[in-house]
Ligand code: ATR
């Protein structure tokens, strides 16, 4: 079973122990990052394993490997010797592991470690992609049988991540640590058990003053509670979400809470990908049981489906895929989620007599436009690229224009309801306003499909003018409930919704 390791990167040992205590119930192993400590603390590190009370990895990471130690190799080796010296017969008082980089060849240190039961992690850090044949590399890192080879690499793309999973599958017969750092690699940290990785590193990401030990770390609490890391087994069904950059999604929290509440042996994992094709390769490799597809792949994914529901054909956008014969079947739950949420907001059963502006003409706007048409509303579609607005508007006999001054004038006649569908104003772009030229009167009902942040600058302007506003959270919940139906093959248990609000 894979273990959760907390990397301790405080400036003092006292601080490290405090952080460990706060996270103790989620953590199996601690890694003492000696390179992060103030030099005065170096004299005390020998006693740390006893104080920690759980197995501890001794690591002194050089800056060239992504660490903070820059006092030279001689002094680093001296530090290693001090930490491994005076070994106690009671092994719990010694470091349980020592991380030695592949080029650190000091036989006396290795001997000291082996004599007193300190297991050697033989590590290699590659910040420029995959490099060598990974399986061969893992095997060659081990000098003797019980050493744990570790490769931590920074993938350049999702295609690299796919190769890492394949290599992991071919190296299941010995202990190893294999992981991808950075944004693309987050799923390798959650699925360490599937990869046969001995442990998964985490950082106390909720401590603002503590440096994160490596890019892409999540907190031990998140790993243990949200992703239920300790319950993941090779039999656990894997679901996930792909998109890019995939920074503002609540789907993992939602689905993992549902799985927890319902005692379903499944995990829902983020798979940020630079291409839908590479994601599908990984999905096949991991035998995903279903996935959500989000910005900007809702259209591009369609050409890879072996079958699709009518709404996907009609909308030209797909946000849910399920394995089907030798490929994938696609559905769209945005449309139903959107109209449930809008009709509740305006407290009506249809849009007859309503004049509506839709901002944006991408995948999300397609679902919105088709629902507005179905519900008998009349709309104006405004988009940065006017030709896309026109293409979307024509089949529904809607008006179209550009998100500029002229568009703002056109909006005046379509302002009973305004629906913002672009990613402008999303987390990471919190100053963005897709339609700065339009001045709200205060009588418009305004819906923004974004829910992170809770209020985009566009919604804030609308509120300041006195408009009633709604963000995309209700739509998110509603479409996720429809997705659940496809993932699980049964209705979403509605009594659950009050227990999983977040
Ligand atoms: P999705 O399929 O998830 O809707 P998409 O197809 O990439 O994603 O569409 C995103 C929408 O947001 C489009 O209407 C896009 O405008 P363009 O058609 O001109 O690309 C719009 N959009 C994205 N970024 C934008 C920005 N910075 N300013 C204005 N509009 C933007």
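Here, each number is a calculation from the coordinates, and none is a lab measurement. Just so you know, these numbers come straight off a predicted model, no measurement behind them. In this analysis, Cβ positions are derived from the backbone assuming ideal geometry, glycine residues included, and neighbour counts consider all displayed protein chains.
Key figures for this structure:
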{"quantity": "Mean separation of Cα contacts under 8 Å (6+ apart) over length of segment 335-471, as relative contact order %", "calculated": "21"}
{"quantity": "Relative contact order %, segment 3-230, counting alpha carbon pairs below 8 Å whose residues are six or more apart", "calculated": "18"}
{"quantity": "Convex hull volume of the chain per residue (C-alpha atoms, cubic angstrom)", "calculated": "160"}
{"quantity": "Principal axis dimensions, segment 1-109 - Cα atoms, whole angstrom, descending", "calculated": "37, 31, 30"}
{"quantity": "Whole-Å distance, taken between Cα centres, linking segment 466-497 and segment 276-349", "calculated": "15"}
{"quantity": "Gain in span if fully extended, residue 230 to residue 465, counting 0.36 nm per residue against the direct Cα distance", "calculated": "79.7 nm"}
{"quantity": "Spacing of the two label points (7 Å from each Cα toward its C-beta) at residue 495 and residue 406, in nm", "calculated": "5.8"}
{"quantity": "Rg and Dmax [Cα atoms of segment 328-407; Å; Rg one decimal, Dmax integer]", "calculated": "12.8, 43"}
{"quantity": "Potential lengthening between residue 391 and residue 427 on full extension [0.36 nm per residue; Cα-Cα distance subtracted]", "calculated": "10.1 nm"}
{"quantity": "Under the Debye formula (equal points on every Cα, no solvent term), log10 I(q)/I(0) of segment 3-230 at q = 0.10, 0.15, 0.16 Å⁻¹", "calculated": "-0.41, -0.99, -1.14"}
{"quantity": "Largest to smallest principal axis extent of the C-alpha atoms in segment 106-224, angstrom", "calculated": "38, 34, 25"}
{"quantity": "Rounded to 5, percent antiparallel among DSSP beta bridges of segment 240-332", "calculated": "45"}
{"quantity": "Antiparallel DSSP beta bridges within the chain, as percent of all bridges there, nearest 5", "calculated": "10"}
{"quantity": "The chain: angle of helix 73-84 to the longest principal axis, Cα-based, in degrees nearest 10", "calculated": "80"}
{"quantity": "For segment 392-502, alpha-carbon Rg over 2.2 N^0.38 Å", "calculated": "1.26"}
{"quantity": "Whole-percent pair-distance distribution, where bins are 5 Å wide, for the alpha carbons of segment 240-332", "calculated": "3, 14, 25, 24, 19, 11, 3, 0"}
{"quantity": "Rough spin-label spacing in nm, given labels placed 7 Å along Cα→Cβ, for residue 142 and residue 54", "calculated": "2.6"}
{"quantity": "Sum of -39500 (n - 2.57) over DSSP H runs of 4+, divided by residues of the chain (222 nm, nearest 500)", "calculated": "-9000 deg cm²/dmol"}
{"quantity": "Fully extended contour minus Cα-Cα distance, from residue 373 to residue 81, at 0.36 nm per residue", "calculated": "97.8 nm"}
{"quantity": "Segment 329-469: C-alpha gyration tensor shape, a/c 1.5 cut-off, then a/b vs b/c", "calculated": "rounded"}
{"quantity": "Percent RCO, i.e. relative contact order, over the chain, from Cα pairs under 8 Å lying at least 6 residues apart", "calculated": "9"}
